[in-house]
Structure formats: structure tokens, C-alpha cells
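I'd like to ask you about the structure that follows.
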Amino acid sequence: MKSYWMQVHDGQGQLELRDTDVPVPGAGQLLVRVRAAGLNRGEFLLAHGLHAKGGGNAKAVGTEAAGEVVACGAEVSAWKPGDQVMGRCPGAFAEYVLMDQREAMRRPSRLSWEEAAAIPLTSMVVHDMLVLQGRLQADQWVLVPGVSSGVGVTAMLMAKALGARVIGTSGSQEKLDRLRGLGLDLGLKTRLPDFKDAVLRATEGQGVNLVINTVGGSVFAECLRCMAFEGRLATVGYVDGVLSADLDLEALHSKRLTLFGVSNKLRSTAQRAQGVPAFIAQILPLIESGRITPLVDQVFPFEQLPQAKAVMDASNHLGKIVLAGLP
């Protein structure tokens, strides 16, 4: 079968399309014929898991996919060949992939393969930030710096479906206008940490209840200044490359703030799977009913992964970029 790997040469990551054996499902695993797979920035970072294993200093890339079950390993009873599935899985940019049954979810019939592939990783991470750790309630305010990113758009759509009000920042007025049509309550055109005053005006001086920081350290201090009493701040990325920031301990103390991070990097499959039942119960019905529809910006053929990555790196998209599986 064909699969994409990232090989390290002189400290730089280079995508390679390789011929590899079709994997054999082990206990609790599904062998899935990939129909589509979503792109995510983190999986291409050299710091995220590249190590000397299975072919040198390289790794199979891709982390979420949708497709058809081809075979089931031992101890699998809820799935059978022919079932349509979506879920997180390593090495998703391939013709076939192994998916742990604990991470597998049934594809909603109203979604295309490409829309289904845009859900597992991003939406599970957003559910973690908004619900599991963020404790978001209806009518609360959410601030999303970098709202036009894949995570940002998903956070906005999910928060609106849960009854919250959303403020987002972006350097593109065109993207903000499009998101306003999808429910964004207030769009602020900026890439700078200068949005506190506008956020406080919108929230009548109270601040926001939850911040989804997709940008990084350059806006961290400003996000803190935007937070309400007992507000929560989730850090999910640092596309700005800024890994440190000032922390206002007085605000942290007096406002009783909660700061947390969200990442799949250090979690085991069992730990990641803990949130799947809650996602299926709380969010999947909103997707199945049409209250949440993944925003897919562009779909690239399987052989054009390098081009798809280039578009993502240029940040010219709105929502998710998806790789279509081989026919």
C-alpha cells in the first residue's frame, strides 16, 4: 500500500510517499480503508514524535481519518467489515490504517467522507477544551484568538451550538466576515495583542468565561487581561512560535482563574479514549442533526499532500484542509 512518511534530513522534515505492507489488526484494532484524512499543523512539527524507529529518523504521518472497516482484530465485537467509521489514528495518510476500537466512531450519514475526516482530532480536542475542562455553559462568552484556524473554526461552531457567544480575532477581514455568517458574534481584525478593550466592551466589562488560545505566547498576557472572574484559559497551540509569556499572578489569584493545556502528544491511547463516550453522547447528536457541520476549506488528492501542507503553512485557508483517499 501507499503511505506518507516524514523523513528528517539535516534537521528538516521531508514528506516521502512509500510502499509499505498493509497492516494486520491486533487485539482491539480495526483495519480501515481510508477514504479521507484531515491535516493538522502539529503532526508536521519535528518536535512532535519524530524519532529513530521503523525506518530511521522518520515517522508515518496523519492523525485522523474516515473510511470503511476492512477487517477486525481479536476482541472486537461492535464493528464488522463494511462499517463506516471515523476516528483518530496514527499514520492516517495511507491507503489503510489501524484504528483502536476505543477511538472509533460511526460516520454520520449526512456527512461526506471529507467532512467526517475533519472531525476526529480537531473536534475531540475542542470538546476537551470547551466541555470536559472548559465547563462551558450556555450564554457564556468565549474568546478565540486565531479563530480562522481549523481548531478556531471548530471551537466557534461547537461553542455556538452549545449556546455560547463567541469573539474571534483574525488578520483577515474576509475570513471574519465569512465566520460572522456562520454565527461569530464579534470579529476583531488583528494579529496583535491589542484586543482587550474591544472584548471588555462587548462583555459589558465582565470579560470572557473561556479563552481558546490557538496562537501562543504572543497573545497569552492579553488573553489573561480579557478573562472574567473564575474564567478558564486553554492553550492548544503556538503557531506564533512564542513559547513563554508573562503571567499576571495577581489576576490569577484574585480572579480565581484556571489555566490548562490540551495536547495529544504525551497521552496514551487509553487516556485519549476516555473522552470519546462523552463526545459521542454530547457532540455527535449535534453533528448528526446538522447543528454542527465541519467547515472543509479545500480537498486535495492523496498524491498532493505536499501541496496541501503548503496551503496550510501559508494560512490561506478557513477551517480544515482534507486529503482525499485513493479510489
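The values are calculated or read from the model by the stated rules, or taken from the named source; none is laboratory data. Because the structure is predicted, anything quoted here is derived from the model rather than measured. Counting neighbours? That spans all protein chains shown, and the Cβs are built from the backbone with ideal geometry, glycine included. With ligands, DNA and RNA removed, areas are computed over all heavy atoms of the protein, side chains included. Shrake-Rupley method; radii C 1.70, N 1.55, O 1.52, S 1.80 Å.
If I ask for residues that are closer than 18 Å to Met156 by Cβ and either among the acidic types (Asp, Glu) or outside any helix (DSSP H, G or I) (or both), which ones from region 214-226 would you list?
Thr214, Val215, Cys226
Here's another thing I want to ask about it. Answer yes or no: is there a residue in region 146-164 that is farther than 16 Å from Val126 by Cβ and open to solvent by 50 Å² or more (accessible area, probe 1.4 Å).
No, that holds for no residue.
Of all residues in region 271-284, which are open to solvent by less than 50 Å² (accessible area, probe 1.4 Å), assigned to a helix (DSSP H, G or I) and of a type in the set (Gly, Ala, Ser)?
Ala273, Ala278 - these are the residues of region 271-284 that are open to solvent by less than 50 Å² (accessible area, probe 1.4 Å), assigned to a helix (DSSP H, G or I) and of a type in the set (Gly, Ala, Ser).
What about Ile287, is it over 30 Å from Leu17 (Cβ atoms), open to solvent by less than 20 Å² (accessible area, probe 1.4 Å), of a type outside the set (S, T, N, Q) and at pLDDT 95 or above?
yes
Name the pairs whose Cβ atoms lie under 8 Å apart, with the first residue in region 64-91 and open to solvent by 50 Å² or more (accessible area, probe 1.4 Å), the second modelled with pLDDT under 95, and 6 or more positions between them or separate chains?
Pro90/Ala60; Pro90/Gly62; Pro90/Thr63
So, one more: Which of (1) crowded, with 24+ Cβ neighbours inside 10 Å; (2) farther than 16 Å from Asp185 by Cβ; (3) polar (S, T, N, Q) is the odd one out, the single condition Gln133 does not satisfy?
Gln133 satisfies every listed condition except (1).
Moving to a separate point now. Answer yes or no as to whether Phe229 is crowded, with 17+ Cβ neighbours inside 10 Å, on the phi < 0 side of the Ramachandran plot and not hydroxyl-bearing (Ser, Thr, Tyr).
For Phe229, the condition - crowded, with 17+ Cβ neighbours inside 10 Å, on the phi < 0 side of the Ramachandran plot and not hydroxyl-bearing (Ser, Thr, Tyr) - is not met.
Moving to a separate point now. Any residue at all in region 235-255 that's touching an Asp or Glu at 6+ places or on another chain (Cβ under 9 Å) and open to solvent by 50 Å² or more (accessible area, probe 1.4 Å)?
yes
Find all pairs meeting these conditions: Cβ atoms under 7 angstrom apart; at least six residues apart or on different chains; first residue within region 179-194 and without any contact (Cβ under 8 Å) to a residue 12 or more places away in the chain; second residue surrounded by 14 or more Cβ atoms within 10 Å (Cβ to Cβ).
Arg180/Gly187
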